[in-house]
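Asks: Dumping the structure here so I can ask a few things about it.
The values are calculated or read from the model by the stated rules, or taken from the named source; none is laboratory data. Computed from a predicted model, the values in this text were never measured in an experiment. As a convention, Cβ positions derive from the backbone with ideal geometry for all residues, glycine included, and neighbour counts pool all protein chains shown.
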Amino acid sequence: MTPSAVFAIPFNRPFMTGKEISYIAEAHALGNLAGDGPFTDRCQTLLRSHTGVMQVLLTHSCTAALEMAALLLELQPGDEVIMPSYTFVSTANAFALRGAIPVFVDIRPDTLNIDEQLVEDAITARTRAIVVVHYAGVACEMDTLLALANQYGLVVIEDAAQGVMSSYKGRALGALGQLGAYSFHETKNIISGEGGALLVNRDDFRLQAEIIREKGTDRSRFFRGEVDKYTWQSIGSSFLPSELTAAFLCAQLEEAANLTARRVDLWNNYHALLVRLEEAGFLRRPIIPTGCVHNGHMYYVILDRKVSRQRVLHSLKTAGIHAVFHYVPLHSAPAAQKLGRQQGQLNVTDDLASRLVRLPMWIGLTSEQQGRVVDALSSAIAAEGA
Ligand SMILES: *Cc1c(COP(=O)(O)O)cnc(C)c1O
């Protein structure tokens, strides 16, 4: 990626609340640096009360949380996991690591989320789970997906990496399926550099989730005084973040509502500024279905077919604005040939992925800068002769 310093308006700029350093200093003073100390506890408590799930376990990334989900399901080679192709690699890789086969389904044209109407046809005798991805922090059509999963005895895992502080019909994303995964990567809304969380919403996963996260041991029970020594119980790994990371995250989580509101303001401002380009038929703006409250994670536009994305991105770059495209659909990536399969034609995925442009979005972006982004986008489109 081009270093953001060369852009007058970078694509992303991590926002710090101001308390991160003092919380890290507190952890430093306590001398409790490994995982599962007081800051981890505070973060988990905040996330539990916000989401209402039974258990939250901090991890060192959303990728780690997804890998834990795959381990919890005890997936066997050849088991199938249904997911969109329009997603980040970790959604598929976490399951492929266990020998499971990612089965890619097309997305909806409005939200770019998995098309719930196409999922049933992808179900086979080997299907174990549906992994839904809430793109841009906007919820998938969960009622339909949960009903389908229930009917076929499948587990629903939410890749809610982008969905922290978003909701669907009043319920937090990540808390709707049996398992949910959050990301606190620097590019997300609530950050700790690298970081994530696994949300557990099924009672019989709770103990095993702790074991998997603690190198396959019952160390968490030992710390609670429930056993007098801890031993190797099953396969597992080290998925917990250090207290330094948790201290940073704690400062962010305490401000989560405020950070979200500020991003949503930015999102709404772009949305208003882009009405005219949409009306003129040059692009379409994001669509938020009723019942979905989003977190302002991302502002994207879908360019009309007559506009060249490559040239638009280049013009923006020349104007000092860093706009980017997003996922290369997984079904078209080299690893998918070996590891996955696709369900039918993924025409919506191929089409929208090739026309999507993400605009700069970070707390601190001014409305004047947003105006410049939209003006530069208008000029770039006009230069297309579109
Ligand atoms: C960012 C992201 C991830 C990976 O998150 P990490 O915390 O970097 O592991 C996974 N899935 C989606 C949809 C993401 O946006």
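Asks: For S220, work out the one condition from (1) among the small types (G, A, S); (2) within 16 Å of the ligand (Cβ to nearest atom); (3) modelled with pLDDT under 95 it doesn't fulfil.
Replies: (2)
Asks: Something else now. What are the residues in segment 282-313 that are without any contact (Cβ under 8 Å) to a residue 40 or more places away in the chain, of a type outside the set (K, R) and outside any loop (DSSP other than H, G, I, E, B), if any?
Replies: Pass one, segment 282-313, residues without any contact (Cβ under 8 Å) to a residue 40 or more places away in the chain: 284-285, 290, 310.
Now drop any that are not of a type outside the set (K, R), which leaves 290, 310.
Hit for segment 282-313 is Q310, nothing else.
Asks: Could you grab me the full set of residues in segment 115-133 that are of a type outside the set (G, A, S) and not in a helix (DSSP H, G or I)?
Replies: D115, I123, T124, R126, T127, R128, I130, V131, V132, V133
Asks: Residues being closer than 20 Å to E255 by Cα and part of a loop (DSSP other than H, G, I, E, B): count how many of those fall in segment 29-52.
Replies: The total comes to 1.
Asks: Read through the list (1) modelled with pLDDT under 95; (2) over 30 Å from V105 (Cα atoms), then give the number of the only condition that H326 fails.
Replies: (2)
Asks: Only one of A122, A94, A100 is of a type in the set (A, V, I, L, M, F, W, C), crowded, with 24+ Cβ neighbours inside 10 Å and away from the ligand (no atom under 12 Å from the Cβ); which?
Replies: Going through A122, A94, A100 in turn, just one is of a type in the set (A, V, I, L, M, F, W, C), crowded, with 24+ Cβ neighbours inside 10 Å and away from the ligand (no atom under 12 Å from the Cβ): A100.
Asks: Then there's this: Of everything in segment 353-369, what is in a helix (DSSP H, G or I) and either surrounded by 21 or more Cβ atoms within 10 Å (Cβ to Cβ) or among the hydroxyl-bearing types (S, T, Y) (or both)? Give them in sequence order.
Replies: Correct list: S367 only.
Asks: Hey, another quick one. Keeping to segment 37-79, report how many residues are away from the ligand (no atom under 16 Å from the Cβ) and without any contact (Cβ under 8 Å) to a residue 60 or more places away in the chain.
Replies: The total comes to 10.
Asks: Here is a follow-up. Could you list, in sequence order, all residues of segment 160-192 that are touching a Cys at 6+ places or on another chain (Cβ under 7 Å), within 10 Å of the ligand (Cβ to nearest atom) and either hydroxyl-bearing (S, T, Y) or assigned to a strand (DSSP E or B) (or both)?
Replies: Within segment 160-192, A181, Y182, S183 meet the criteria.
Asks: Regarding L198, is this residue buried (at least 21 other Cβ atoms within 10 Å of the Cβ), in contact (Cβ under 8 Å) with a residue 60 or more places away in the chain and more than 16 Å from the ligand (Cβ to nearest atom)?
Replies: For L198, the condition - buried (at least 21 other Cβ atoms within 10 Å of the Cβ), in contact (Cβ under 8 Å) with a residue 60 or more places away in the chain and more than 16 Å from the ligand (Cβ to nearest atom) - is not met.
Asks: Now for a different question. Residues in segment 134-154: is at least one in a strand (DSSP E or B), at pLDDT 95 or above and within 16 Å of the ligand (Cβ to nearest atom)?
Replies: no
Asks: What single numbered condition from (1) at pLDDT below 95; (2) within 16 Å of the ligand (Cβ to nearest atom) fails to hold for G225?
Replies: The single condition G225 does not satisfy is (2).
Asks: Then there's this: Considering only segment 288-307, state which residues are over 30 Å from G170 (Cα atoms) and either crowded, with 17+ Cβ neighbours inside 10 Å or under 15 Å from the mean Cα position of the chain (by Cα) (or both).
Replies: L303, D304, V307
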